[in-house]
Amino acid sequence: MAGKSEKEKKTQEGITAKKDTDFSEWYIQSIIKGGFVDYTAVSGCLAFRPDGYFAWEVLMRATDAHFKEIGIQNVYFPLFIPERFLNKEKEHVEGFSPEVAWVTHTGESELEERLAVRPTSETIMYDSFAKWIRSWRDLPMRLNQWNNVVRWEFKHPVPLLRSREFLWNEGHTVFATEEEAELEREVVLGIYAKVLKDVLAISGIVGRKTESEKFAGAIATFSIEHVIPGGKIVQGPDFHLDGQNFAKAFGISFIDKDEKKKYAYQNTFAITTRELGAMAAIHGDDKGLVLPPKVARIQVVIVPIYKDENRTEVLKAADTLNMKLGEAGTRTFLDAREAYSPGWKFNEWEMKGVPVRIELGARELREGKAVATRRDTGAKISIDMNGIEEKIAGLLEEIQEDLYKKAQKFLADSIHVAKTYDELKKIGDEKGGLIQVVWCGDANEEAKIKEETGFKTSNMPLDMQKDVKGKCFYCGKEGKHVVNFGRAY
């Protein structure tokens, strides 16, 4: 950018799309120009920059801590899966066939057996489970791994929201009884809901997937579903009751207390880097990212404002403030770069989504105060330097809570009720979001609606399935479920 004025740099580097009028372009610009992730030479596969990977680490560690509290232990299994393993469970392999990337050669030599690049790890893990589990004393077995997976089924990847390679957890648990396995569902989904709220400041609809949308090989799938600006729906964390399907396919059996051989019951569950995309989409604004303090690598940026005659004094005070906040546990950065004006720095840090900006100049030093600006609201707050550590910590907590409240309101405002098929189409086309209907449960109707409109079922909210009243919005038969439809990424 040599030779360009600061105004030209700002125009070139800033967010040029508006969130409300061109969400897709705004979203890409916000996460790329905001320094969260970047494209690579491999289509659909991202580079996580420090801010993006830091956010994933915070989410990962919070989730992992909850897992460990309930007795789930971490393991690691290979990236490559022999083709014969995938073929052991017919429904599972059919569900993933279009998505699997295969390794067929090493150098110039063709492999005797193709190896799948891990789309998910059930088959490679369960071959070992069958060896490790012999008796009821070996159960429950509750394992998890944090890894990457590759799914190549779609033509138009969207960074984070639909990536061909993504990061996630794979929880794989084994129980002696169906009852024990089913009890785990509420616990795990509760953990996911808690970290979404506490860490990312977002929420979603907890519900059961329809038969056509469940995980390949599972008996039932449960999910937390998000709505993002632009009106589309995104599936968040999920939990699968696998019953004995995989146990029978892979011979995962045990001798029970009654000395009889029985097949085990299994669950699988995951949260992915897609959540970072949902977070960025929900919280961001026309200036760029708005990061919740919990996942911000830099929570507070300090921008010194000075002239030649007071440069030394201001920089020294800014450095002291930076150290004071850092020692109190706040993640700070002192932006003392000489090449850029304060105004240029303000725009850059706003685009990156840093929760709080502190301006410190000669006037602030005379008054013994600092000016803090909230990224989420733009509000400016004059803060006394005496006890500023506690005040900034409290401000960060307030921002985290306010972002969650705003996200909750956005979700509530994005749910619309339709009584008829025509209403569903009209609302979906005009408003988007989740369209909630009473439905008879006919899978053929579900498929036809998807074909005709592009709307798919999101999930059936768990808290709305008791005493369902009314007629099916599509055929007029007695309703059995309340289900949400929407257009998905």
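Observations on the model:
- Ordering of 264-270, 374-380 by burial proxy (mean other Cβ atoms within 10 Å per residue, highest first): 264-270, 374-380
- Global geometry of the stretch 114-209, whether rounded, prolate or oblate, following the gyration tensor of its Cα atoms and the 1.5 cut on a/c: oblate
- Full extension of the chain between SER341 and GLU178 yields a length gain of 52.3 nm, computed as 0.36 nm times the residue separation minus the alpha carbon distance.
- Averaging Cα coordinates gives a centre for the stretch 195-240 and one for the stretch 35-85; these two points are 18 Å apart.
- Of the peptides 333-339, 404-410, the order by per-residue mean of other Cβ atoms within 10 Å, starting with the highest, comes out as 404-410, 333-339.
- Relative to the longest principal axis of the Cα atoms of the chain, helix 421-430 runs at roughly 30 degrees.
- Two-site label geometry, ALA17 and ASP64: point separation in nm, points 7 Å out along Cα→Cβ: 3.3 nm
- Here the calculated FRET efficiency for ASP442 and LYS261, from their Cβ-Cβ distance with R0 = 45 Å, stands at 0.70, rounded to the nearest 0.05.
- Cβ-defined net charge surrounding VAL234, 13 Å radius [Lys, Arg +1; Asp, Glu -1]: +2
- Looking at the stretch 86-150, the trypsin sites (Lys or Arg not before Pro) that sit in a DSSP loop and have at most 14 other Cβ atoms within 10 Å of their own Cβ are ARG134.
- Across the stretch 61-76, rounded Karplus estimates of 3J(HN,Hα) from the backbone phi angles (6.51 cos²θ - 1.76 cosθ + 1.60, θ = phi - 60°) give 5, 5, 5, 4, 4, 5, 4, 5, 4, 9, x, 8, 10, 8, 9, 8 Hz, Gly and Pro being marked x.
- With the helix formula -39500 (n - 2.57) applied to DSSP H stretches of n ≥ 4, the chain reaches a computed 222 nm mean residue ellipticity of -11000 deg cm²/dmol.
- The slack in the chain from LYS466 to SER382, taken as 0.36 nm per residue of separation less the alpha-carbon distance, amounts to 25.1 nm.
- In the stretch 16-283, Rg over Rh equals 0.98, where Rg is the alpha-carbon radius of gyration and Rh the Kirkwood radius from pairwise Cα distances.
- Most tightly packed first, judged by the mean number of other beta-carbon atoms within 10 Å of their residues, the peptides 56-64, 359-367 read 56-64, 359-367.
- Net lengthening on full extension, SER253/LYS477 (0.36 nm per residue, minus Cα-Cα): 76.3 nm
- For the stretch 115-162 versus the stretch 411-455, the inter-centroid distance based on Cα atoms is 33 Å.
- Coil-residue GluC sites (Glu not before Pro) of the stretch 205-261, DSSP, other Cβ within 10 Å capped at 15: GLU259
- Relative contact order [Cα under 8 Å, 6+ residues apart], the chain, whole percent: 15 percent
- Rg followed by Dmax, in Å, when the stretch 238-303 is reduced to its Cα trace: 22.7, 71
- Other residues within the sphere of radius under 13 Å centred on the Cβ of GLY428, judged by their own Cβ, net out at +2 (K and R +1, D and E -1).
- The dipole here belongs to the stretch 16-283: it is taken about the Cα centre, uses +1 on the Cβ of Lys and Arg and -1 on the Cβ of Asp and Glu, and is about 240 debye.
- Placed amide H near ILE219: partners under 5 Å, 5+ positions off or other chain: LEU241, ASP242, GLY243
- Electrostatic bookkeeping for ARG337 treats Lys and Arg as +1 and Asp and Glu as -1; over the other residues with beta carbon under 11 Å from its beta carbon, the sum is -2.
- The stretch 307-356 shape via C-alpha gyration tensor axes, a/c threshold 1.5: oblate
- Remark: TRP136, TRP439 ranked as TRP136, TRP439, counting other beta-carbon atoms within 10 Å and listing the fewest first.
- Spin-label pair LYS131/GLU110, simplified geometry with 7 Å Cα→Cβ offset, distance in nm: 2.9 nm
Coordinate-derived values only; no laboratory data. None of the values given here were measured: they were computed from a predicted structure. In this analysis, Cβ positions are derived from the backbone assuming ideal geometry, glycine residues included, and neighbour counts consider all displayed protein chains.
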